Structure formats: C-alpha cells, structure tokens
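K.L.:
A single structure is presented below for examination.
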Amino acid sequence: MFGQRTGYEKESQRVHIGFESGKATIEVIGPQIVNVFAPLHTEGHESRAVEQPNAAFEVCDVQVEERADHLEISTSELTVKVYDHFYVDFYDKAGAPLCLDYRGSRDPFLRRGNVSIAEGEGHEAMRTSGRHKIEILKKMDGGEKFYGLGDKTGPLNKRGYEYEMWNTDDPSPHVESHKALYKSIPFFITLQEASAFGIFFDNPFKTFFDLGKENSDYYYFGADDGNLDYYFIYGPDMKSVVSRYTGLTGRTPLPQLWTLGMHQSRWSYAPEARVLEVAKLFREHDVPLDAIHLDIDYMDGYRVFTWDGERFPDPKAMTDKLAEQGIKIVTIIDPGVKKDKGYGIFDEGLEKGYYATDRDGVTYVNTVWPGDSVYPDFSDEPVRRWWAGNQKIMTDDGVAGIWNDMNEPASFTGPLPDDVRFKNDGRETDHREIHNVYGHLMSRATFDGIKEATGKRPFVITRAAYAGTQKYSTVWTGDNQSFWEHLRLSIPMLLNLGLSGFAFAGCDVGGFSHDCTPELLVRWVQAGAFSPLFRNHTAIGTRDQEPWAFDETTLDAYRKAVKLRYKLLPYLYDLMREAEQTGLAPLRPLVLEFPDDPAAREVNDQFLLGSRILVAPVVEQGKTHRAVYLPQGTWIDYNSGESVEGGRTVLAEAPLDVCPIYVRAGSILPGYPDQKYVGERRIDELLLEVYPGEGGYTHTQDDGESYGYRDGAYNEYRFVQTGGRESVLELRLEKGHAGYGEAYRSFRVTVRGFAAASAKIGGEAVEFETENGNTVLRVPAEAGMLKLEA
Ligand code: GLC
C-alpha cells in the first residue's frame, strides 16, 4: 500500500515518514509506548479513547538514524525499525526482537471439502476471513499467548481464535462462536516467554482480530475504514502493559464504597410496593444489600427520564423510605427516546436537532422498548451536555446511580443502517464510525451529569463500551443465561475485561435468561462475591432468583457468600484505589501475578482477588470438591486454616456452602465487621486478618463517597509482619497520612494458624485469646509494634 520510503522529518517525538504512495508517523508517547499512524481516513488522530492532553505522554529522548534499508527510531527502552511498505519492527534495548511485521505469504490452515452441503443443513460454514482495507500482520514465534479484547467469549488465552469489534446485542446464548458482543475493546496483550507487550488498535470502525486462527505463523488485526492507528505498549511484564495502556486510555476512578456492596435487580420490579417488599425481605433474611435496580418497568411507557405515575406515584418518597433502610436505587436509562409529540424530552431534542438523522437529514427512527424511537447523537458535545443535564431529573428523585443499556446501539428491527448521520463534534460522519463509541459517549455524558448534579463519585453501569469507557462507567457482561456454562464463561470474560482496563465489572449473578436452579445460584453468588460489580439480575418471566427464592439451605449459603463479600469490602476498596493509581483490576488471572509459572498462563476457572486471595469457585453441577492449581508459595486454606504448599494442584473440599479460597502466606487483610449495608454505622474497629509470613499491607480509609480523598481527606495505615512462620511474629502498625476525621479507634487482629503464648505491644503485655489455633486480640489504632510469641 505504501511503497518505498522516500524520506523523513523529525518533529520533537514524532517522526513523519514519506512513502511513494502515502505517509505515516511514528510517535514516541514515552520510552515504552510508540504510536504507529497513517492518515487513511483523517489527517490526525480522532480518538474517543485517548483524551487530550494525553496523560501517558512522557517527554523523552528520541534518536533517529537512517540505515541501509530502514529507518531506526530509538528510545531508552525500544528500537523501532521502519522499512519500505511501512513494515514496522520493534526490538528491546538489547536488540532482541519483540514484535515483527509478518512478510511471508498468507497460507490459511487447510480446509477440505465443499462447505455448501453443510450449509444446506444450516451449519455455519467455516470460511477463511475476508481481507480488509487495513491489515497489520505480526509474526508469531510459537509460544505466544494472547489476553485482553474485553469480554469476548471463549477461553482466557485467545490464541487460535478470531474476533470482531462491533458492539452487538445478540440475545442467543453467549458461546465461543460469537465473534462480537456488546463491547469493543481493541486492545490485546501478547505474552511471550520472556516479555509481554500490548497492541491497542484505536480504530472505532468495525475491526477484526485473528490471533493465529488463519495460520499459526502470524496474527493480525484489521479494519475496513478509519486510520491505521495503533499503539505498541511494551512491558516487559504484563502488569506494566496494563498500567501503560490504562495510562493512555484512562483508569477506573475510585467508586463510592456502597457501589461495591450487593445489588439486587430483576426486570419487573414494580410497582413501588414490590420494591419495598424486596428491600424488606433482604433485611428480614439478614442478607446484606446496598442497592436495588429498577429496570424499564419504572418508566411511563418506556419514556426515559420519566416515572410511571401509577406504579411509582412518589419516587422521591420511595427513595427516601429506602434510604432509611440503607438501600439505594439505580435506574435504567436506555438511549432510545420515544417518538412522541408532547413528551418533553423528545420535543426538546427534536427542536434542537439532537438526534441522529438519515442521509437526508431527517431524524432517524427505529424501534426499541417504547416503540418508534429516536437516537440521541452522543457524538456531539451539545447533545452530551443535554443528556448530562437530564441526569438531574433522576438524581433529584433520589436515584443514586444510572444503568445505561441498549446502547450498542440496539434496535428491534435490524441494525442501524451504515449511512445514519452523526455530527461527531464538528466532523460529520456516519454510523460505521460512531457505532462502537456510541455507548462510550453516552456513559461519558451520564458520568458528567451525575457528577455535576451530586458532586459525588458517579455510579454508572453500561452494557456497550469502547476502549477507555472505564473512566466513566462500570460494565456488566450483558444477557447471559442461567447455565453452568455461563458461570464458567464469566471467569475468563471478567478476567480479560480487567486486563483490558475495566477494573469495575461484573456479570448477572444467577444468569439473566432461563431459570436458575438453587445450586447454580449458590455457586454463582460464591464466585460473584469477588467481582467488583456484584449484582443478581434476571429477566422478566424467569423463575425468582432472590436469595430466599428456594429453600433454607440456599438462603444460608447465599447469605454466607454475601457476608464474606461485606467483610472483604475494605480490601476490595483498597484494590479499587490501586486500580485508580495503576490500572490493575481487582480481579486478576493467575498469569498476571505469576508470569514465570507456565502452569498459571491458562487457568480459566480460578482467579485472584488482588495479589493475595486465590478463588477457585465450583462451576459444575453436583460437585462438592474440585482441583485447584496453587502457584508456588505457601497458601492458607481460608476455610480450614490449613497451610498448603503451592506449585501443584490440590483437591479442595467444597460442600455447597463452601467456595475454595486460599490466601497467600504473609498477607494481611483488612475486614469490616458484619453490616447490613455500607454505612450502617461508623466503623470504629477494623478487622485485620494476619496470615503468618513476611509481608506488608497499606490500607486507606475515607468517607467513601466524595472526592475529598483527592485533596488529602483520607487516612493511611501501613502494616508489616515479619517472622510469623517462626515462633515469634512481629506486626508493626504505622500511621501514614492522617486527613480523615473518623479514624479507626482500634484493630481487631486475628493471626491465623498462630497460637500465641504471650502478646506485647511496645513491651507491655496485652490481653489475647486463642480460638481454633488462631490468636485474637484488640489493639489501639496507634502506631506500634505487636509481638507475639508462640
Ligand atoms: C436488556 C438488558 C437487560 C435488561 C433488559 C430490559 O436485555 O441487557 O439487563 O433487563 O434489556 O431492560
């Protein structure tokens, strides 16, 4: 496409390169991040993911040298070699190849026979993918594994599969052959033996990813339109890749603490009396709960920003009543605005020209829940401002968060045609370019509106997303089904979402469509209790799925899982803070924490919460034990207290009410005492669970809702333990930053698997108890040294 190189020009960290037919730019974003660009659609970047000024940009030294057959561009960490035809190769600073363009021939894996006979019976014929206007082929060495790409179906490692990025609402059960689902996150990580790097193909059009399906000599990504615009993001470790990628596209901001609590949802919670009943039953059954979600049933004829006056006569009075019980309301808002003269939102948008149009400029109409509906043009700033302003209608009624759905955008009568027009902030374009960022821009408007209206950290959930949506919204994986297979699938989906920058994510616990069984519900809630977004949601007409829907055994096991979640809230909250700072999601695949362990690279049915807790949920019906792979190190079985050596697979006992959980020796985990909801009472005493070994932990505490922490309104505590595997355990408590008034007064320390004979703080004896081989004691929340002797 480009032909031979003709010359180059360096402009600070950019190198503009001329070719016989075309031009390109290599831009050094930082020593480990390089952008590769050719203006095939617009002169410059038109990114909805990377906002300007680009926070990842680092001023650094860039050397350019003309070599015999290539141009060499070097940073302190990378060398980029650019050849004729715009072949681009990346090397590390020692000269080892990292990522090379593939120059060989394209020989797809053999397929035999005539597929039309199979198609006759209705099978989807496997054909070799089409070729695209833009295609970047990268050489495969053999050992690569691939991660990321958002929440695609299939296993954690994407090697050997192909995917498409085209936000799709497909109600059929999510299976491995789905190439596209609701989100488009055109970012993947390539893990090689010695290093990892990421590629972010920032092209909002439909994009294609083939990670060795066509042939195992190469992998490729492509698009039929848009710019050639991708970032090479070097590690060398996976954590650094994720951190740099999220530096570029943005990080999940610290959410309000209550949003990490349990959410209950069901399409059909109406009228108000039913909502109040659900709230009451949670309290009666002693299952903690922070939020109830109202699906489309609360609206007046599915008109967004309205309430059904009969079913919900006084929304503010209802949210007030629920607030007294510590329960927040989250309402769904879809993009489709009912085409209905006299309905204020529709009229205002029409008058101001806020809707997408057909190519003749006539407002485009399709069908969604309200019937004939129009689509706000979120690609235009005035429309985003308008939509942001509308959030106040809901927050004034006491609504605490907004759930954005159907924003792929979805419709009932086929996809939006390619030629639907969008204003696109001054550079008009069509649906092909906006489709994948539509939900992203809607979430951004929603986030901004809630922030303005409440001043608090907004809570937004979205189904459709693009790279970077993590800055504005949490996500869920859409309409799964109450299948064991979908419980299993949710693990790699959520892990890859996390690696793709989405730190705050979850799935419909219990499954959306289909009928959940009591056993599936228990196993799902046990797994879901560890995902940052923890919401039980199901479809209208399905069997009841609340914790009490079945029997006492189910209810007891459900309650136990949710109580564990509430105990772990300060740990999860600390992890969300880490996510804001580093981009690393709380939910992590084993490979992220144990990159040197080959056995950790393809674990699909286990995950880590942070770096300290390993969870191996039961994901098969009828199982009361399961194999668990424990990476190297000492682990403590959370349920039995037993210490287990890793580097091997163990058999875990898992009767219905037990989810196998292992904690790394040396961990210190903060916990909250029992609560029905976040903020039920002031937490004066933090629980500290100490798993003997060597290690430290930093915990922060703040008001859990405002932005005050950004101005220093938080307290920081640091705990360090040493020697615990010997006969003396020392735990040092340090107070770091002190900026939040409601500081803890004490810590209740439980040292697991360590029966002390004496306990001292700063040389003074303190009272303690030993229970089941653990030592339990209360210490003041002051700096000092606790010394236990066995
Ligand atoms: C979509 C959503 C689902 C919601 C339903 C009704 O299917 O994915 O969560 O319950 O619409 O609003």
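The values are calculated or read from the model by the stated rules, or taken from the named source; none is laboratory data. Nothing here was measured: the structure is a model prediction, and the numbers come from that model. For neighbour counting, all protein chains shown are included, and Cβ atoms are generated from backbone atoms with ideal geometry for every residue, glycine included. These accessible areas exclude ligands, DNA and RNA; they are computed on the full protein's heavy atoms, side chains included. Shrake-Rupley method; radii C 1.70, N 1.55, O 1.52, S 1.80 Å.
K.L.:
Filtering segment 520-537 down to residues that are polar (S, T, N, Q) and either closer than 21 Å to Asp556 by Cβ or surrounded by fewer than 24 Cβ atoms within 10 Å (Cβ to Cβ) (or both), which residue is farthest from the ligand (Cβ to nearest atom)? Spell out the reasoning first.
P.N.:
So the first thing to find is which residues in segment 520-537 are polar (S, T, N, Q), and the list is 526, 531, 536.
Pick out the ones that are also either closer than 21 Å to Asp556 by Cβ or surrounded by fewer than 24 Cβ atoms within 10 Å (Cβ to Cβ) (or both) and you get 526, 536.
Working: Gln526: 22, Asn536: 12 Å.
That would be Gln526.
K.L.:
Can you name the condition, by its number, that Gly666 falls short on among (1) open to solvent by 40 Å² or more (accessible area, probe 1.4 Å); (2) touching a Gly at 6+ places or on another chain (Cβ under 7 Å); (3) not aliphatic (A, V, I, L, M)?
P.N.:
With respect to (1) open to solvent by 40 Å² or more (accessible area, probe 1.4 Å); (2) touching a Gly at 6+ places or on another chain (Cβ under 7 Å); (3) not aliphatic (A, V, I, L, M), Gly666 is out only on (1).
K.L.:
Here are some residues: Gly679, Gly704, Gly695, Gly753. Which one is small (Gly, Ala, Ser), over 32 Å from the mean Cα position of the chain (by Cα) and surrounded by 15 or more Cβ atoms within 10 Å (Cβ to Cβ)?
P.N.:
Numbers: Gly679 fails: over 32 Å from the mean Cα position of the chain (by Cα); Gly704 fails: over 32 Å from the mean Cα position of the chain (by Cα); Gly695 fails: over 32 Å from the mean Cα position of the chain (by Cα).
Of the residues listed, the single one that is small (Gly, Ala, Ser), over 32 Å from the mean Cα position of the chain (by Cα) and surrounded by 15 or more Cβ atoms within 10 Å (Cβ to Cβ) is Gly753.
K.L.:
Filter segment 16-46 down to the residues that are more than 25 Å from Gly235 (Cβ to Cβ) and hydroxyl-bearing (Ser, Thr, Tyr) and list them by number.
P.N.:
Ser21, Thr42
K.L.:
What number of residues in segment 1-34 are within 36 Å of the chain's Cα centre (by Cα), surrounded by fewer than 20 Cβ atoms within 10 Å (Cβ to Cβ) and more than 16 Å from Asn227 (Cα to Cα)?
P.N.:
3
K.L.:
For segment 431-482, enumerate the residues that are within 14 Å of Gly150 (Cβ to Cβ), within 16 Å of the ligand (Cβ to nearest atom) and among the aliphatic types (A, V, I, L, M).
P.N.:
Within segment 431-482, Ala464, Ala465, Val475 qualify.
K.L.:
Cβ-Cβ below 9 Å, separation at least six or inter-chain, first residue in segment 336-352 and farther than 15 Å from Val365 by Cα, second among the acidic types (Asp, Glu) and open to solvent by 60 Å² or more (accessible area, probe 1.4 Å): which pairs?
P.N.:
Qualifying pairs under 9 Å: Tyr343/Asp300.
K.L.:
Just one of the numbered conditions (1) open to solvent by 10 Å² or more (accessible area, probe 1.4 Å); (2) more than 16 Å from the ligand (Cβ to nearest atom); (3) over 25 Å from Tyr672 (Cβ atoms) is not true of Lys567; which one?
P.N.:
(3)
K.L.:
Just wondering, is there one or more residues in segment 401-415 that are more than 16 Å from the ligand (Cβ to nearest atom) and at pLDDT 95 or above?
P.N.:
So far as segment 401-415 goes, no, none of its residues is more than 16 Å from the ligand (Cβ to nearest atom) and at pLDDT 95 or above.
K.L.:
So which strands (runs of 3 or more DSSP E) stay within segment 351-452 end to end and still have 1 or more residues that are of a type in the set (D, E, K, R)?
P.N.:
Details: elements: 365-368, 371-374, 399-404.
Correct list: 371-374.
K.L.:
May I ask you to list the residues in segment 573-583 that are surrounded by fewer than 24 Cβ atoms within 10 Å (Cβ to Cβ) and closer than 16 Å to Ser240 by Cβ?
P.N.:
Glu578, Gln581, Thr582
K.L.:
Pick out the one residue from Ala49, Ala38, Ala24, Ala56 that is at pLDDT below 95 and touching a strand residue (DSSP E or B) at 6+ places or on another chain (Cβ under 7 Å). Please lay out each step first, then the result.
P.N.:
Numbers: Ala49 fails: at pLDDT below 95; Ala38 fails: at pLDDT below 95; Ala24 fails: at pLDDT below 95.
After ruling out the rest, the residue left standing is Ala56.
K.L.:
Going through segment 173-201 one residue at a time, which ones are under 23 Å from Arg131 (Cβ atoms) and open to solvent by less than 10 Å² (accessible area, probe 1.4 Å)?
P.N.:
Answer for segment 173-201, where residues must be under 23 Å from Arg131 (Cβ atoms) and open to solvent by less than 10 Å² (accessible area, probe 1.4 Å): Ser184, Pro186, Phe187, Phe188, Thr190, Ile199, Phe200, Phe201.
K.L.:
Can you confirm whether segment 208-218 contains a residue that is open to solvent by 10 Å² or more (accessible area, probe 1.4 Å), more than 16 Å from the ligand (Cβ to nearest atom), among the small types (Gly, Ala, Ser) and in the same structural domain as Asp308 (by TED's automatic domain parsing)?
P.N.:
Taking every residue of segment 208-218 in turn, none turns out to be open to solvent by 10 Å² or more (accessible area, probe 1.4 Å), more than 16 Å from the ligand (Cβ to nearest atom), among the small types (Gly, Ala, Ser) and in the same structural domain as Asp308 (by TED's automatic domain parsing).
K.L.:
Ok, one more. Against the condition touching a residue at least 60 places away in the same chain (Cβ under 8 Å) and open to solvent by less than 10 Å² (accessible area, probe 1.4 Å), how does Glu546 come out, does it pass?
P.N.:
yes
K.L.:
Of the residues that sit in segment 137-172 and are over 21 Å from the mean Cα position of the chain (by Cα) and not charged (D, E, K, R), which one is farthest from the ligand (Cβ to nearest atom)?
P.N.:
Within segment 137-172, the match that is farthest from the ligand (Cβ to nearest atom) is Gly142.
K.L.:
Condition test on Phe37, is it open to solvent by less than 20 Å² (accessible area, probe 1.4 Å), closer than 20 Å to Gly222 by Cα and in a loop (DSSP other than H, G, I, E, B)?
P.N.:
On the way: open to solvent by less than 20 Å² (accessible area, probe 1.4 Å): yes; closer than 20 Å to Gly222 by Cα: yes; in a loop (DSSP other than H, G, I, E, B): no.
For Phe37, the condition - open to solvent by less than 20 Å² (accessible area, probe 1.4 Å), closer than 20 Å to Gly222 by Cα and in a loop (DSSP other than H, G, I, E, B) - is not met.
K.L.:
So which strands (runs of 3 or more DSSP E) are wholly in segment 91-157 and hold at least 1 residues that are small (Gly, Ala, Ser) and either modelled with pLDDT of 95 or more or surrounded by 13 or more Cβ atoms within 10 Å (Cβ to Cβ) (or both)? First the steps, then the outcome.
P.N.:
Numbers: elements: 97-99, 134-139, 145-148.
Fully inside segment 91-157 and qualifying: 145-148.
K.L.:
Go through (1) over 30 Å from Ser243 (Cα atoms); (2) open to solvent by 30 Å² or more (accessible area, probe 1.4 Å); (3) free of Cβ contacts under 8 Å to residues at least 40 places away in the same chain one by one and return the number of the condition Thr554 breaks.
P.N.:
(2) is the only condition that Thr554 fails.
K.L.:
Something else: Name the residue that is most open to solvent (accessible area, probe 1.4 Å), counting only residues in segment 365-378 that are more than 16 Å from the ligand (Cβ to nearest atom) and over 12 Å from Pro335 (Cβ atoms). Steps first, please.
P.N.:
Filtering segment 365-378 for residues more than 16 Å from the ligand (Cβ to nearest atom) gives 365, 372, 374-378.
Keeping just the survivors that are over 12 Å from Pro335 (Cβ atoms) gives 365, 372.
Numbers: Val365: 52, Asp372: 79 Å².
So, considering only residues that are more than 16 Å from the ligand (Cβ to nearest atom) and over 12 Å from Pro335 (Cβ atoms), the one most open to solvent (accessible area, probe 1.4 Å) is Asp372.
K.L.:
When you look at Gln621, is it without any contact (Cβ under 8 Å) to a residue 60 or more places away in the chain and assigned to a loop (DSSP other than H, G, I, E, B), yes or no? Reasoning before the result, please.
P.N.:
Details: without any contact (Cβ under 8 Å) to a residue 60 or more places away in the chain: no; assigned to a loop (DSSP other than H, G, I, E, B): yes.
In short, no.
K.L.:
In addition: Pairs needed: first member in segment 507-518, at positive phi and open to solvent by 40 Å² or more (accessible area, probe 1.4 Å); second member anywhere, away from the ligand (no atom under 12 Å from the Cβ) and among the polar types (S, T, N, Q); C-beta distance under 9 Å; at least 6 residues apart or different chains.
P.N.:
His514/Ser482
K.L.:
So how many residues does segment 759-790 have that are open to solvent by 40 Å² or more (accessible area, probe 1.4 Å), without any contact (Cβ under 8 Å) to a residue 60 or more places away in the chain and either part of a strand (DSSP E or B) or charged (D, E, K, R) (or both)?
P.N.:
Residues that pass the stated criteria total 12.
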